[in-house]
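Sharing a structure, written as structure tokens. Questions coming.
What follows is calculated from the coordinates using simple rules that are stated; it is not laboratory data. Note that the structure is predicted; figures quoted are calculated from it, not measured. Here Cβ is always computed from backbone atoms with ideal geometry, including for glycine, and neighbour counts include all displayed protein chains.
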Amino acid sequence: MKGRYILDSAALFKIGIVDPELAYTTQENVDEVIVEYEKALVLKYIREGRLIIKEPDDDHYKKALKVADPKLSSADIKTLALAVEINEKDNVPVVTDDYSLQNALSRLGIRFMPLKTNGIRKTYKWTYRCEWCGSYFHDELKECPKCGGPIRRVVFPVKHRK
Ligand SMILES: [Zn+2]
């Protein structure tokens with residue numbers, strides 16, 4: 001898979017399928033990989049310089065904590081913090097199937113890609129839409145300013161940039 005990615009622990013378990021050109025993850029995610037075959041593959045990628053272990057700093061960790069819901073593990077929050085840090089200067093999507101993590105990323109405007117066993121082809125973006133009048137908004141509002149209706153997040157696939 002061409003391109004650079006940030007990987008959560010579940011994406012690390014399938015790093016052979018993700019096959020990144022260059023990927024970033026945290027030590028805690030690497031520690032979660034305990035199956036021997038997968039661990040060996042992860043260590044091989046680290047040796048080859050295709051997988052970079054990077055820890056988020058405290059400021060970004062605090063920023064991640066603010067948007068994280070209680071379902072997120074500390075490993076997920078660190079992944080989120082790493083994504084915040086990297087995406088301040090760069091545009092690197094996070095590969096994750098974790099809905100809570102995806103939701104937190106979308107709140108921060110960071111791209112994510114679900115991991116499917118048949119390979120990753122799509123990137124997702126999102127917008128917010130009023131359920132009553134159908135107006136679209138960039139921000140997640142409590143209610144529609146036009147009609148007071150409930151706002152829902154709408155996720156849609158976009159073509160992956162090469
Ligand atoms: Zn409305």
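Past the 24 Å Cα-Cα mark, which pairs from K62/K89; K66/K89; K89/K142; K44/K66; K39/K71?
K89/K142; K44/K66; K39/K71, as the Cα separations exceed 24 Å there.
Then there's this: Quick check: residue separation of R50 and R153 times 0.36 nm, minus the Cα distance between them. What number comes out in nm?
Full extension of this stretch gives 33.7 nm more.
So, in Å, what gap is there between the alpha-carbon centers of the stretch 1-33 and the stretch 53-101?
The stretch 1-33 and the stretch 53-101 have Cα centres spaced 14 Å from each other.
How about the stretch 1-47: which trypsin sites (Lys or Arg not before Pro) there are in a DSSP loop, with at most 11 other Cβ atoms within 10 Å of their Cβ?
K2
Gain in length, K39 to L65, computed as 0.36 nm per residue apart minus the alpha-carbon separation, to one decimal in nm?
So the chain would gain 6.5 nm between K39 and L65.
Assuming a viscosity of 1.002 mPa s and a temperature of 20 °C, what translational diffusion coefficient in µm² per second does Stokes-Einstein assign to the chain, Rh being the Kirkwood radius over Cα pairs?
For these conditions, the coefficient is 129 µm²/s.
Follow-up. With the contact rule set at Cα under 8 Å and sequence spacing of 6 or more, what percent relative contact order holds for the chain?
19 percent.
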